[in-house]
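First comes the structure, then the notes that go with it.
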Amino acid sequence: MQLIAEDLVIDRGSRRVIEGLSFAVRQGEALVLTGANGIGKTTLLRTLAGFIRPFRGSVRLDGGDPELSVGEQAHAIGHTNAVKTSLTVLENASFWNAYLGPDAPSRARVDAALRHFGLEELGEFPAAYLSAGQKRRLGLSRLLVAGRPLWLLDEPTASLDAASSERLVAAVDAHTATGGIAVIATHLPLGLERAQTLDLAAQRIAA
Amino acid sequence: MTRVWALLHRDLRLAVREGGAIGTALGFFLVVVSLMPLGLGPDLNLLARIAAGILWIALLLAALLSLNRIFEADYEDGTLDVLATGPLPLELVSAIKALAHWITTGIPLAILAPVLGILLNLDLNAYPVLVGTTLVGTPAVSFLGAVGAALTMKTRRGGLLLALIVLPLYVPTLIFGISAVSASAGPSGAGSSFLILAAVSLVTMVLGPVAAAAALRIQIQ
């Protein structure tokens, strides 16, 4: 499996954000996107997820399910957490497990995901009372409640403490070790295994 | 099927937990209808004649109040992005969300309508027809409303714009809903109007989700 972007040109509101960008991420690899604010990291991730149609160029997942779009094979986690504040932590995670999961809903899988992000004690707690970092961890637990080969993470460590960031890095490493692909926009060095870096600022100068 | 149920169950649960939407709609319905006799005076014959019209108009306005929440909340917290790349087509997602709106708003309003009929001296024989028409007619309110809700999802304070888009589309439901209730007292009965009302609802249940999904795809970009 391989995520391939070819000659991407992306416009946002009459401004050209990405110009002639090509890259490939092989199975079991992570790609870290870096660059200053406004350089187009979010735009690129939303294009990979299929929310933004590129002006030119294409994104495809070689060796993926040909019936599904790239977005449908990806977990895209942006700045929002897709957490419902009037549901409990467990209800939030269980909903995504039942809705996104390829198999029958599995309580064990939900529990394992919550445990990985250190939320197992908070299962019956309404999400409205979670701190920003805990909400972020609940949002990230969606990665683990349902398996998808491609992870698209936009500043996933925002509002996370050091220990939680390490849990996230461990989750990404486990994902790539089992043949998954991850594309991560970040400002912090994450210390991922099997990762290459794409600096969008340098790419822009080259183009 | 598990997924359909999971999404419907979540939406119903959210509506019950958050509560505000159902309460506001029912309260608004109650207040508007009880203002009518105060404004029009205690002429029982006049009230009985216009009762069906007032009930239907107040019901449509009350249902409008909660329409904007169908997609807005999910858009704001990012849930809609995930649903859009989920395993169910967006058309089905729209249909499920409109159905949840009907269950949490349409059905309570339809149950409250005959109670408010008492305030307006509605003819006793018209009660079964009133309940029947409001139950059969309100799906059109939710499913057409979902189209408007999808179009105005990103608009700040889009409620008024939503009303302008959606209210004209409610005209067939309003006309045949009222004429079914009025005709139930007459010699010809409510049959034909009632069937047309049901047909309007069925058509919107098929076309509404398709239109709403198209609007959502544009809005998510």
Failed item in (1) within 14 Å of another protein chain (Cβ to nearest Cβ); (2) crowded, with 18+ Cβ neighbours inside 10 Å, with residue B:154 passing the rest: (2)
Kindly establish whether residue A:171 is surrounded by fewer than 22 Cβ atoms within 10 Å (Cβ to Cβ) and under 25 Å from residue A:83 (Cβ atoms). yes
Looking at (1) surrounded by fewer than 23 Cβ atoms within 10 Å (Cβ to Cβ); (2) over 27 Å from residue B:4 (Cβ atoms), can you tell me which one residue B:90 breaks? (2)
Please state which of the following conditions residue A:91 fails to meet, knowing it meets all the rest: (1) over 25 Å from residue B:1 (Cα atoms); (2) modelled with pLDDT of 90 or more; (3) of a type in the set (Asp, Glu). (1)
Is it true that some residue in the range B:184-195 is surrounded by fewer than 19 Cβ atoms within 10 Å (Cβ to Cβ), aliphatic (A, V, I, L, M) and outside any helix (DSSP H, G or I)? yes
What's the total number of residues in the range A:42-71 that are within 13 Å of another protein chain (Cβ to nearest Cβ) and either assigned to a loop (DSSP other than H, G, I, E, B) or farther than 15 Å from residue A:152 by Cβ (or both)? 12
If we keep just the residues of the range A:72-98 that are assigned to a helix (DSSP H, G or I) and more than 8 Å from chain B (Cβ to nearest Cβ), which is surrounded by the fewest Cβ atoms within 10 Å (Cβ to Cβ)? A:73
From B:6, B:84, B:25, grab the single residue that is under 25 Å from residue B:168 (Cβ atoms) and of a type in the set (Gly, Ala, Ser). B:25
Kindly provide the set of residues from the range A:106-149 that are within 13 Å of chain B (Cβ to nearest Cβ) and surrounded by fewer than 18 Cβ atoms within 10 Å (Cβ to Cβ), ordered by number. A:106, A:126, A:128, A:147
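Mind checking which residues of the range B:121-145 are assigned to a helix (DSSP H, G or I) and of a type in the set (S, T, N, Q)? Spell out how you get there, then give the answer.
Pass one, the range B:121-145, residues assigned to a helix (DSSP H, G or I): B:124-145.
B:125, B:133, B:134, B:138, B:142 - these are the residues of the range B:121-145 that are assigned to a helix (DSSP H, G or I) and of a type in the set (S, T, N, Q).
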Residue A:152: touching a strand residue (DSSP E or B) at 6+ places or on another chain (Cβ under 9 Å), within 12 Å of chain B (Cβ to nearest Cβ), aliphatic (A, V, I, L, M) and in a helix (DSSP H, G or I), yes or no? no
Starting from residues that are buried (at least 22 other Cβ atoms within 10 Å of the Cβ) and more than 12 Å from the chain's Cα centre (by Cα), keep the ones in the range B:97-113 and report whichever is farthest from residue A:42 (Cα to Cα). B:113
Of (1) surrounded by 15 or more Cβ atoms within 10 Å (Cβ to Cβ); (2) of a type outside the set (Val, Ile, Thr); (3) at positive phi, residue A:179 satisfies every one except (1)
Any idea how many residues of the range B:71-96 are under 16 Å from residue B:10 (Cα atoms), more than 21 Å from the chain's Cα centre (by Cα) and small (Gly, Ala, Ser)? 2
Elements of type helices (runs of 4 or more DSSP H) in the range B:1-120, at least 1 residues being touching a Ser or Thr at 6+ places or on another chain (Cβ under 6 Å) and either acidic (Asp, Glu) or away from chain A (no Cβ under 14 Å) (or both): B:2-18, B:20-40, B:44-67, B:90-101, B:107-119
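How many residues, within the range A:69-102, are of a type in the set (A, V, I, L, M) and under 17 Å from residue A:46 (Cα atoms)?
From the range A:69-102, those of a type in the set (A, V, I, L, M) are A:70, A:74, A:76-77, A:82-83, A:87, A:89-90, A:93, A:98, A:100; that's our starting set.
Next, only the ones that are under 17 Å from residue A:46 (Cα atoms) stay: A:70, A:74, A:76-77, A:82.
Matching residues across the range A:69-102 total 5.
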Across the range A:58-69, what is the total count of residues that are touching a residue at least 12 places away in the same chain (Cβ under 8 Å) and surrounded by fewer than 22 Cβ atoms within 10 Å (Cβ to Cβ)? 7
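The values are calculated or read from the model by the stated rules, or taken from the named source; none is laboratory data. All of these numbers come straight from a predicted model, not from anything done at the bench. All Cβ positions, even for glycine, are placed from backbone atoms using ideal geometry, and neighbour counts span all protein chains on display.
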